[in-house]
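*Asks:* One structure follows; several queries about it will come next.
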Amino acid sequence: MLADRSDATLHPFVGYQDGRPVGLFPIFERSRRPVTTLFSPVPDHKVPYLGPLLLDRDEWSQAERDRRRRSFLDASLSCFYDRFAPSYVNVRTTPRFADPRQFAWQGFEVVPRYSYVVDLTPGTDELLDAFSNDARRNVRDPPDEVEIREGEHDAIERIIDQVIARHEQQGETYLVTPEYVRALYDALPEGVLRPHEVRLDGTFAGGLITLESGDTIYRWQGGAKPDADAPVNDLLDWHVMCAARDRGRDTYDLVGANNQRIADYKAKFAPELVTFYSMEVSTRPMSLVSTLYKRLR
């Protein structure tokens, strides 16, 4: 679906050693002759992480992990260059990918990026006690007229429309559409994408769309500044945490701590700062074009 909507071709590469898979590396290809670009993840669709996944095993020593990681990444990058001859490659890893050295050694510019994650394993009282004073107060004493519920297509429409309006007010572009998110909701297994909304006196006030994978729930889209005079987003985030914890999730990834204003809001939930990496490499002509574009925009 992402490939179709982004006018790209997905190549889900898998690395094998001795007949056993050792790594995954999905790559999206865009070709506009004579330029071919590779992305992982595809840009402009609010996918925060992708990049390579190493299938480490507990019995491996650190030296064995390093050797296999180096072998898999070297083989992957060599395959990409031989097959596509790209002018530009951009990779953004997950926070669980802790070692970007192989990319740096292959000539990539490696830039650390940051997110916040909340450990959901403590009890709710302990979890709440770690919040900032205002977050605790907002959560413990919500307005009487507040209702928080999980919705479907209609909720997605309201949440994304609110985010679009907020971006327009700030003169910013936002390319995610309600149609795209509804299509994801229908295509993904039940419970992976969840639209949560807050209603005040029966009227929509704000919402948040989350994604779930493994032991982690991700704060994906929504959370726009509401017009209502109520702590809408604090209540949303607390509701998401409690519901996810009840479903057995261990971690709430707040998805992004690189914008100071947004990071200040997310920090109130006592998260841990984690690092991921944005990495890019380009041919010299493409690099000059990219530099000129960044200066002029």
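*Asks:* For the chain, take the longest principal axis of its alpha carbons; what is the angle in degrees between that and the long axis of helix 62-84, to the nearest 10 within 0 to 90?
*Replies:* 70
*Asks:* So for the pair Thr124, Asp56, with labels modelled 7 Å out along Cα→Cβ, what separation do we get in nm?
*Replies:* If labels sit at Thr124 and Asp56, their model points lie 3.5 nm apart.
*Asks:* Same structure again: Can you work out the accessible area per residue across the chain, with the rest of the protein chains kept in place, probe 1.4 Å, in square angstrom? Could you put the intermediate results ahead of the total?
*Replies:* Details: 15890 Å² over 297 residues.
I get 53 Å² per residue for this part.
*Asks:* Would you work out which of Leu254, Tyr265, Met1 lies farthest towards the positive end of the dipole of the chain? Charges go on Cβ: Lys and Arg +1, Asp and Glu -1.
*Replies:* Ranked along the dipole, the leading option is Met1.
*Asks:* Taking H placed 1.01 Å from N in the peptide plane, check which residues at least 5 places from Thr94 or on another chain put their amide H under 5 Å from its amide H.
*Replies:* Leu50
*Asks:* With a point put 7 Å past each Cα toward its Cβ, work out how far Glu145 is from Arg261 in nm, to one decimal.
*Replies:* For the pair Glu145/Arg261, the computed spacing is 2.7 nm.
*Asks:* Students often check this: by mean Cβ neighbours within 10 Å, which of 253-264, 163-174 ranks highest, and how do the rest follow? Walk me through the numbers on the way to the answer.
*Replies:* Details: 253-264: 14.7, 163-174: 12.4.
Final packing ranking: 253-264, 163-174.
*Asks:* Treat each spin label as a single point 7 Å out from the Cα along the C-beta direction, and report the Glu179 to Arg101 distance in nm.
*Replies:* Reported label-point gap for Glu179 and Arg101 is 4.8 nm.
*Asks:* Expressed as an acute angle from 0 to 90° and rounded to the nearest 10, what is the orientation of the C-alpha long axis of helix 178-187 relative to the principal long axis of the chain?
*Replies:* Relative to the chain, helix 178-187 is tipped by roughly 80 degrees.
*Asks:* Please work out the Cα center distance from segment 264-278 to segment 210-226, rounded to the nearest Å.
*Replies:* The two parts, judged by their Cα centres, are 14 Å apart.
*Asks:* As a check on your grasp of the helix formula, calculate [θ] at 222 nm for the chain: sum -39500 (n - 2.57) over DSSP H runs of n ≥ 4, divide by the residue count, round to the nearest 500. Could the numbers behind the result be given before it?
*Replies:* Details: 10 runs with 108 residues, N = 297.
Calculated mean residue ellipticity at 222 nm is -11000 deg cm²/dmol.
*Asks:* Work out the length of the dipole vector of the chain about its Cα centre, built from +1 on the beta-carbon of each Lys and Arg and -1 on the beta-carbon of each Asp and Glu, and round it to the nearest 20 debye.
*Replies:* Using only the charged Cβ atoms, the result is roughly 1680 debye.
*Asks:* Now for a different question. Between 0 and 90 degrees, rounded to the nearest ten: what's the tilt of helix 284-296 against the longest Cα principal axis of the chain?
*Replies:* Computed tilt is about 30 degrees.
*Asks:* Just the number, please: carbon plus sulfur as a percent of the accessible area of the chain, 1.4 Å probe, no ligands or DNA/RNA counted. If you can, show how the numbers build up before the last one.
*Replies:* Working: 7410 of 15890 Å².
Carbon with sulfur: 47 percent of the solvent-accessible area.
The values are calculated or read from the model by the stated rules, or taken from the named source; none is laboratory data. A quick note: this is a predicted structure, and the numbers were derived from the prediction, not measured. Note that we place each Cβ from the backbone using ideal geometry, even for glycine, and neighbour counts take in every protein chain shown. Calculation scope for accessible area: heavy atoms of the full protein, side chains included, ligands and nucleic acids excluded. Shrake-Rupley method; radii C 1.70, N 1.55, O 1.52, S 1.80 Å.
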